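Only one structure is covered here, and it is reproduced in the block below.
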Amino acid sequence: MADQEIPEDFASIFVTNLPDDEETIRTEFGKYGQVVSVRLLSKKDDQDTRAGVITMSTGAEAREVMDKLKGASLGSGVKRLRLTWDSRSLDRFNTGRYGGRGFRGSFGGSSSFSFSKGNTTRGFTEGTTPLNVQPAQHVPVIRNGTVAAISVEGHEYVALRLTASGKEIVAGYVLASLYSALEKSSTSLTDAATPPREDKLSRLKSSAPVDGAHDPEERNNQRPDSGVASAAVSPVIVRQPPVVMEKVEPPKDGDVSFAGVRSLRKNQFGVATSSTVVSTFLPPAVSSPSVRIPKKLALRSLPAFLPGVLMHPGTKNTVKEREDFNVCIRHIFPNFEAAVWTVEKGQVLIADSEPLAFVANMSRQLKDFYEGFDARPYPVEPNQPVSVCIDNVWYRAKCTAEKSSSDLVVFLVDEGVEREATQETTFPLDEQFGKEPVGAVVVGLIELPSVEQHPNLLDELRNLLQGKAGSASSETVDATIVMRAPEYQVRLAIEDIPLKTILLAKRLRKDGHEVGIGYLLNVTDAVNVFIVDVSKKDELVQLQRKVNEALSSSQLLPESVARDAPVGVFFDDEWYRGLVDKVTGSFCQGTLLDFGDSFTVPVANLKGLSEEVQAIAAVTDMSALKNVPAPLLTDARITDQLKRMVSQYWVYEEFGRDTNFPLANFIHLWNAEGQLVPVNMPPVPELPKSIVINENYNFYVSQLKYEREFKTGDEIPVGVQYVSDPEFVYLLYGKDLLSDQRVQQLASDLQTAGQTAPKHVDMPAEGALVIGRFSLDNAWYRAAVTGFTPTGKAQVTYIDYGNEEELSLEDMRSMTPLLMSYPRMVFQAGLGNIQPLNGEYFTPEEIDQSTALLVNQQGTFKVLLNEDDSIMLGVLRMEGSNCSAADLMAKAGIVKKVK
């Protein structure tokens, strides 16, 4: 069938090789427009595909389907689709357009019915007004024992009659003078009148109903706008005394003689209806409830609602993909879809609020149209658009379930809630009420926990969400559109906390865990996890505001920039409380005390902390993961997992502090899937079986002090003892190591102790101070244990020189009180304003070159910053030279100078 033979607005397609799943069919065809109906033909047992008729909402959509899906296959193993225009539907469509075969009246489109007399065209809408009849103002005119006309205020009105179900009924009244003019008109009136002319009545009765109009298999394929067009004006209530008016029944199949009903069909409710609307026009009069009669249901049923669109309240801008907005959850369906209203954050809904105002306005329109219809049951199919009256209020709705033979469960599409209704107060929805999209938008909820973990997930969601936002509560439901096709897919949160996290916390509490929800601010490793409880978010904001205001006006200089010294830090355009990690050159590195961020700032960006600022109680916990073994607390694989969780909400449980880590609060941390973090714990590296740590050893390097205290600005005579790399050197206070009597005496005492001090049975712990035998000269020196090797040796640093090497138990002796009485002879110094030539690290060659240039040379060290027991930052000016050590190395091509 060629396209040029098909009307532009014809939209029914006959398709073969369809899958047996109607939902799949609607999804695939719905990609190209709105699917009005899917009618699948019955199949034999040996068939694996179906045939059926798919009706789209417009001809353009149907043509796109024909173009896009021809030859396509819907599912694995399913044959390719064959699509043709549905000929039976097309016949009914063309017949309905012209009011019957061979009849072409002036019923074009939706214009009012008109008739011609000579060159004058008149319509029903001319000079006519509805009549409200009072009992005392009308007199029936009796002809042949039946009511043929009535007389009202001196005007005679002729009855318009039709025969339905074998019974002649009065459809309405028209002025006798107008009826006479219609009789003489060349265009016949669509409603039979009394008294009729015999020849005209015979001709009208000979008009047969449209072919196929009563075919039960095909009734759903009938277009809603087929048949004779209705009058442009709305139907008018005919009012007259009950003793005069006969009861109006819907016409029955095969029993129609009324000529105007040329396109009689069954609608989707199984009720035979005509597309012709009989409008009655009577002179104005005062209405009286006592003469009110039921309306005749004459409408064009709406096939489907227009889907709702998510729009920002007020602006009416469409919500875009990945955009955040706020919703009121009206209802959650068993398939985890939700009906929502878009609202302002924290909005309290009142009568004139946008969603409620729309519902009220639609209800008034429905009441005006439907009130007074016969209260008879109209069969309703699932999801069919209907108008329903519940507690004297009218709503647009669709049926979701049949509770009993007389009761239904309906979903109010604008309210977004399910209610119970009766069959008697449920009517097919006229298409004039389908122009507005539904008020409650149905969205799919994603990123929910599994039903296996939450067997009562639907009830949990309904208890948690339904009614949120729109009550007097300040809680709102935050939403983000993740995708828009084929339908909205939305991720929900409450106060920015994902639903999955909230539900996990509820489940764990039910299982006996004392958990909370925290915001992960930052992570250094598994022993430095900065988390703030959601209940303290506002406190943290207030704390930071106080700190920033206090430090902004403070002129207090830092007392110290030693390791772990508290300071004020200007970072990212704001002042924070911080802890110093180290000073390198003119820059200070550290950690923000209340947020856990690492910072590197110029030393000039530091201030001292007043007692008042230090006294502000912290609300952020520095935590360590309880389930991570000590050897893995700084493992990079675990740290990477934790860093990916930063700036999100997670469920955690506190266990308090541990004696080995007094600064850390131990916690368990769960991810969104309910798994303890870290997931897939790395294997714990085992110490060599030969290593047993001596936990009772009493000598540690932290117990040693320098001979004197160094202050910022001090200029100290020094000798260069050792170069770790060009940036960090070990300096001896007093220039000459060999001529220093203290050093000579310490060396003598060390050699004696090396021969007499007890040997170690077990390995000293990290930080222990021992007597170590240096491999190059076999002499004994003070050494600090810094770690262990897989071969069972200890890694040590000789504290009075700076050298490092590995020692076995055989090469170590226990420290003595005498040797502990000597102060530290050298200190580590940082030489600022230099960096590696490659910008990343110093090569072994560069370290060797700087060692040859500086070691055993004397000079003066000016202290710029002092970290007490750790590193002092300053400038080393070499003796006999007008330049610094940094300048010498730069001239030698070992380093680059930086400002």
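Give the Cα extents of the range 568-630 along the principal axes, in whole Å, largest first.
41, 30, 19
List the residues, sorted by chain then number, that are 5 or more residues from residue 803 or on another chain and whose placed amide H is less than 5 Å from its amide H.
For residue 803, the qualifying residues are 798.
Quick check for you: with a 1.4 Å probe and neighbouring chains kept, what is the accessible area per residue of the range 12-95, in Å²?
51 Å²
Quick check for you: which residues of the range 306-349 have the amide N under 13 Å from the point 7 Å beyond the Cα of residue 534 toward its beta carbon?
Correct set: none at all.
Residue by residue through the range 773-788, what is 3J(HN,Hα) from phi via Karplus (6.51 cos²θ - 1.76 cosθ + 1.60, θ = phi - 60°)? Round to whole Hz and write x for glycine and proline.
The phi angles translate into 8, 6, 5, 7, 10, 6, 8, 9, 9, 6, 9, 9, 6, 10, x, 9 Hz.
Can you work out ³J(HN,Hα) from phi for every residue in the range 443-458, in order, using Karplus 6.51 cos²θ - 1.76 cosθ + 1.60 and θ = phi - 60°, giving whole Hz and x for Gly and Pro?
10, x, 8, 10, 6, 9, x, 6, 5, 4, 7, 10, x, 9, 4, 4
Heavy-atom accessible area per residue, the range 396-468, 1.4 Å probe: how many Å²?
In whole numbers, the range 396-468 has 43 Å² accessible per residue.
For the range 12-95: lysine pairs with Cα atoms under 18 Å, gap of 8 or more or different chains, count?
Summing the qualifying lysine pairs gives 6.
Roughly what would the spin-label model give for residue 820 and residue 843, points 7 Å off Cα along C-beta, in nm?
Going by the 7 Å Cα→Cβ label model, 4.6 nm.
Regarding the range 487-595, what whole-number volume in Å³ per residue does the convex hull of its Cα atoms give?
About 183 Å³ per residue, rounded to a whole number.
At a Förster radius of 60 Å, what calculated FRET efficiency corresponds to the Cβ-Cβ distance of residue 381 and residue 541, to the nearest 0.05?
The computed FRET efficiency comes out at 0.60.
Under 14 Å from a point placed 7 Å out from the Cα of residue 706 along the Cα-to-Cβ direction: which residues of the range 805-847 have their backbone N that close?
Within reach of a label on residue 706, which here means backbone N under 14 Å from a point 7 Å along Cα→Cβ, the range 805-847 contributes 823-831.
Place a label point 7 angstrom from the Cα of residue 358 along the Cα-to-Cβ direction, then list the residues of the range 382-406 whose backbone nitrogen is under 17 Å away.
395-398
For a 24 Å ceiling on Cα separation, which of these pairs sit above it: 320/367; 367/398; 320/398; 536/607; 607/891?
Over 24 Å Cα-Cα: 320/367; 320/398; 536/607; 607/891.
Could you calculate the contour length gain from residue 510 to residue 8, that is, 0.36 nm times the residue separation minus the distance between their Cα atoms, to one decimal place in nm?
Gain on stretching residue 510 to residue 8: 174.6 nm.
Note down the nm distance, to one decimal, between modelled labels 7 Å out along Cα→Cβ at residue 21 and at residue 648.
3.0 nm
Ratio of the range 12-95's C-alpha Rg to 2.2 N^0.38 Å, to two decimals? Could the numbers behind the result be given before it?
On the way: Rg = 12.3 Å, N = 84, 2.2 N^0.38 = 11.8 Å.
Dividing the Cα radius of gyration by 2.2 N^0.38 Å gives 1.04.
When the chain is fully extended, how far beyond the present Cα-Cα distance does residue 589 get from residue 655, taking 0.36 nm per residue of separation?
Working: separation 66, 0.36 × 66 = 23.76 nm, distance 3.07 nm.
Full extension from residue 589 to residue 655 adds 20.7 nm.
With unit charges on the beta carbon (Lys/Arg positive, Asp/Glu negative), name the residue among 401, 382, 432 whose Cα is farthest towards the positive pole of the charge dipole of the range 362-468.
Going by the charge dipole, the pick is 432.
In whole percent, and with a 1.4 Å probe on the protein chains, what portion of the accessible area of the range 12-95 is carbon and sulfur?
44 percent
Pulled fully out, how much extra length does the chain show between residue 728 and residue 88, if you take 0.36 nm times their separation in residues and subtract their Cα-Cα distance?
Full-extension gain reported as 221.1 nm.
Estimate the FRET efficiency between residue 403 and residue 450 by the formula 1/(1 + (r/R0)^6), using the beta-carbon distance for r and 25 Å for R0, to the nearest 0.05.
Step by step, r from the Cβ atoms, then E = 0.20.
How large is Rg/Rh for the range 361-415, to two decimals, with Cα atoms and a Kirkwood Rh?
Rg divided by Rh gives 0.94.
Would you tally the net charge around residue 697, using a Cβ to Cβ cut-off of less than 14 Å, leaving residue 697 out, and scoring K and R as +1, D and E as -1? Before the final figure, lay out the partial values.
Working: positive: 759, 813; negative: 695, 762, 766.
Result for the local shell: -1.
Report the accessible area of residue 706, computed with a 1.4 Å probe over the heavy atoms of all protein chains in place, in Å² rounded to the nearest 10.
Accessible area, nearest 10 Å²: 40 Å².
The values are calculated or read from the model by the stated rules, or taken from the named source; none is laboratory data. Because the structure is a prediction, the values reported are computed rather than measured. Glycine also receives a Cβ, built like all others from the backbone with ideal geometry; neighbour counts cover every protein chain displayed. These area figures cover heavy atoms from the full protein model, side chains too; ligands, DNA and RNA do not enter into them. Shrake-Rupley method; radii C 1.70, N 1.55, O 1.52, S 1.80 Å.
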